[in-house]
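Have a look at the structure below, then the notes.
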Amino acid sequence: QVQLVESGGGLVQAGGSLRLSCAASGRTFNNYAMGWFRQAPGKEREFVAAITWSGGNTDYADSVKGRFTISRFNTRNTVYLQMNSLKPEDTAVYSCAARLRGYSYTWRAYNYWGQGTQVTVSS
């Protein structure tokens with residue numbers, strides 16, 4: 001089992017920044033690729049960003065590319081999502097997820113999930 005706990009969400013004005021954290025406990029964190037997904041009210045859960053177990057490769061949704069950065073520190077069992085130039089359309093519940101081996105763009109492929117953290121961007 002891997003337990004994931006997100007933090008860092010909140011209310012921010014458009015153009016502002018937030019950094020989300022996802023703290024992991026349980027099985028060996030560096031065996032898992034990590035992903036961030038988000039879900040806005042009335043919408044499907046969507047892929048935001050992902051990172052391989054080593055941190056050597058990252059990937060982003062087109063909608064956040066150039067604005068968001070995913071990173072991980074395996075010694076701290078933590079993955080981060082730095083979000084800059086936030087837009088109202090970024091408003092959603094953001095969740096981190098762990099997947100054994102490689103990452104996926106599909107949320108159903110992930111094995112473990114955090115409870116999510118709300119991000120609200122005002123215009």
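The values are calculated or read from the model by the stated rules, or taken from the named source; none is laboratory data. These numbers come from a predicted model, not from an experiment. Methodologically, a virtual Cβ is constructed for each residue, glycine included, from the backbone with ideal geometry; neighbour enumeration extends over all protein chains shown. Surface areas here come from the heavy atoms of the whole protein model, side chains and all, with no ligands, DNA or RNA. Shrake-Rupley method; radii C 1.70, N 1.55, O 1.52, S 1.80 Å.
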Of all GluC sites (Glu not before Pro) in the stretch 1-68, which ones are in loop regions per DSSP and have a Cβ with at most 13 other Cβ atoms within 10 Å?
Glu44
Could you calculate the FRET efficiency of Ser63 with Ser21 from 1/(1 + (r/R0)^6), where r is the beta carbon distance between them and R0 is 25 Å, rounded to 0.05?
0.70
Heads up, the chain by the C-alpha gyration tensor (a ≥ b ≥ c square roots of eigenvalues; a/c under 1.5 rounded, else a/b over b/c prolate, else oblate) looks prolate
For the stretch 65-83 and the stretch 15-62, write down the distance between their C-alpha centroids in whole Å.
8
For the charge dipole of the stretch 11-123, defined by +1 on Lys and Arg C-beta atoms and -1 on Asp and Glu C-beta atoms about the Cα centroid, which residue among Ala40, Val119, Val79 has the Cα displaced farthest towards the positive pole?
Val79
Using R₀ = 22 Å, calculate the FRET efficiency as 1/(1 + (r/R₀)^6) where r is the Cβ-Cβ separation of Arg76 and Ala40; round to 0.05.
0.15
Could you check how much of the accessible area of the chain is carbon and sulfur, as a whole percent, using a 1.4 Å probe?
46
For the chain, set up a GNM with springs between Cα atoms under 10 Å and report which of Thr75, Thr52, Thr91 has the largest fluctuation.
Thr75
